[in-house]
1. Just to be sure I understand the model, the point goes 7 Å from the Cα along the line to the Cβ. What's the resulting A:Glu35 to B:Asn389 distance in nm?
2. With charges only on Cβ, +1 for K and R and -1 for D and E, what is the dipole size of region A:19-77 about its Cα centre, in debye, rounded to 20?
3. Using θ = phi - 60° and the Karplus form 6.51 cos²θ - 1.76 cosθ + 1.60, what ³J(HN,Hα) does each residue of region A:57-74 get, whole Hz, x for Gly and Pro?
4. Explain nothing, just the number: dipole magnitude of region B:82-200 about its Cα centre with +1 on each Lys and Arg Cβ and -1 on each Asp and Glu Cβ, in debye rounded to the nearest 20.
5. A:Asn3 to B:Val471: FRET efficiency via 1/(1 + (r/R0)^6), r the Cβ-Cβ distance, R0 56 Å, to the nearest 0.05?
6. What is the magnitude of the charge dipole of region B:299-431 about its Cα centre, with +1 placed on the Cβ of each Lys and Arg, -1 on the Cβ of each Asp and Glu, and no other charges, expressed in debye to the nearest 20?
7. Quick check on the exposure proxy: order B:Phe260, B:Phe557, B:Phe228, B:Phe399 from fewest to most C-beta atoms within 10 angstrom.
8. Counting pairs of alpha carbon atoms under 8 Å apart in space and at least six apart in sequence, what relative contact order in percent does region A:19-77 give?
Amino acid sequence: MSNQQKHWEKTRGLLFITLAIWFVFSIGIFLFGAEMNKVTGPFGYPWTYWFTCQGSLGAFVILIFWFANRQEKIDEEFGFSEREDE
Amino acid sequence: MKGNFIDNLPKVYGIYTGGFIGFIIIMAIAEQMGMTAKAIGIAFVAFTVFIYALIGWLSRTAQADAYYVAGRQVPTVFNGMATAADWMSGASFVAMAGGIYFKGYGYMALLVGWTGGYVLVASLLAPYLRKFGCYTVPDFIGTRYGGNLARFSAVVVLTVASFTYVTAQINATGTIASVALDIPFQYAVYVGLISILLCSMLGGMRGVTWTQVAQYIVLIIAYLLPVFWISNKMGAGFFPHFMLADEVARIGELEQQFGFVKNAAADLKSVPKGLAGITKAHSAVNATPWAFISLALAMMMGTASLPHVMMRYFTTPSVKAARKSVGWSLFFIFLLYSSAPMLATLSKLSLIDPNLPTGIIGKTFAEVEAIDWYQNWNQANLMFISDFNGNGTLELNEFFMGGKAVVLATPEIAGLPYVISGLVAAGGMAAAMSTADGLILAIANAISHDVYYKIIDPKAETAKRLLVARVLLVIIGFAGATIAAMEIQGILGSVIWAFDFAMSGLFFPLVLGVWWKRANRQGAIAGMLGGLIAGAWYLVWVRTGGSGFLGITQLTFGIFGSAVSLVLMVVVSLMTAEPDKATQKMVDDVRVPSGKSILGKSH
């Protein structure tokens, strides 16, 4: 397998992990919205309510930065990082 | 000098922010010295619009590269701010807290959808389109799939989605200009339009970028300052985001106590159009999982398909910067979106809690009608009370309010000085203007670059191309304003439709263009046109009394449209020949950040 194929395989792997986490916070937890909302969560808000106000939103911000860093590492590993002069 | 400006950005915008805060303080002092509310409103809107116009003029350019992609040198964090302003429209600013106030949990699917979409943008599209080096979104479609028909189809989808969106934004600038400057709406719409064009006409994307950063600073101060102030004034907590649990619980208690009494249809006839009462629980789960998830999903996929957002990531210096910039965009959006539910909570509690001095539920009608702010907002057609059961006491189902009032009136209800209301007007104007600018530019650029230059006259010189781009900008702006002046639809409805149109036609052709090498021209054209037509058909069908299926409503018709688009694209691609070697090589090159971009620096 060529260097580029390996790079793409790893990139795709990262995509699936990222989308899996995204799925949990955007769809997964809201499947159980009614049940989860009965439990008190962070700062005293009901759990589901807190996720829609802050939790999921914040998780997405962190997820994107995490993804960007991981992808940079993958690019470096296979020598596909951009050079400054490009 | 140009490099100098980029290096000095933190300083330039630091001074700008300081100057704006100084302006707020001067206005506050002027208010104490007797400046009228009306004069403060005019000063706020006029001063900020003047600054934006000045930035627009300073950013004027005659180069295609600067006009279409701001010279590809916008630093990560600043591009994040510009995207946040581009993204947060008049609807986010003025209508979102109101929506949460009335519909509670079910409505908050929009919060999740309008933020979660950025994960898709960052992981599926933005870095790859940046590597591609395109000027517009149809530029990517046209080059990846090849052929004028593919390019043209993308322009069609882009125009339908963005135009639906832009009329709502011009409408919002008109509403705010008409209130703040006290002129009739039909004229205010054109005042708004001229302000919008001043930012974008001379400098194109470069002008829009630097005004959007300035607009973000105004709108975020204008949103957060009142939320914190009101929370502190009510004694609800010094940092509302972490401290409103008791207030949320208290609203739940009051809902139990008052009950959601349904009004008779005959009674509701007397309520002015556009006003609503509280009929849904605030924090309790009041929507089925599918209703919530389908709305969130439609908004997420729509986010990743809207060209005016995507083209912001064409302006970063590198692929790496494009990825990081998506993170910053969402961070800046998060600051406002996480505050909207807090504002809705504070606003609702201050109105309905009889234990608070501002609470009006449980008071007699004579008492409420004597309150200053009630009279003001009743006159503005945003509040209304009616004693349906004739007992003389105001009850929860006898109080009606417009969605905009949550943002616009809460500062006054909480007893904040008028300078805050002026600030909020300036913020709303900034939010609507920045989004309108991005949208008009997206449409005009697609038509000037992809239709005029790439299809009609590929030999046109830069000067002529930019002239065409500017003329189109004005024409599209005026068309949008003319439709906005007719006031066909509410702000929020048309915004949501724009997402559905965009995802119906563009989501899969864009994503598969990068992630599926086998996707070819025939498949993409079928996907774009088929998806758009299917989505539009579903919308018309539901609007004309159709029952719909799978719980897909007129707000989520994009789910149907994009499903049709996906199926058509895969089936047609597999039935026709695979893309040629050169195209496959192109896709390989897009997938790695290093190396030259697919399209040259000037193309």
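1. Going by the 7 Å Cα→Cβ label model, 3.8 nm.
2. In total the dipole reaches around 320 debye.
3. 4, x, 4, 5, 4, 4, 4, 5, 5, 4, 4, 4, 5, 4, 5, 4, 4, 4
4. 400
5. 0.70
6. On the way: 7 positive and 8 negative charges, 244 e Å.
It comes to approximately 1180 debye.
7. Starting with the residue having the fewest Cβ neighbours, the order is B:Phe260, B:Phe228, B:Phe399, B:Phe557.
8. On the way: 28 pairs, mean separation 16.6, N = 59.
It comes to 28 percent, rounded to a whole number.
We did not get these values from a lab; they are worked out from the coordinates using the rules stated. In this text the structure is predicted, and so the values were computed from the model without any measurement. Using ideal geometry, Cβ is built from the backbone for each residue, glycine included, and neighbour counts are taken over all protein chains shown.
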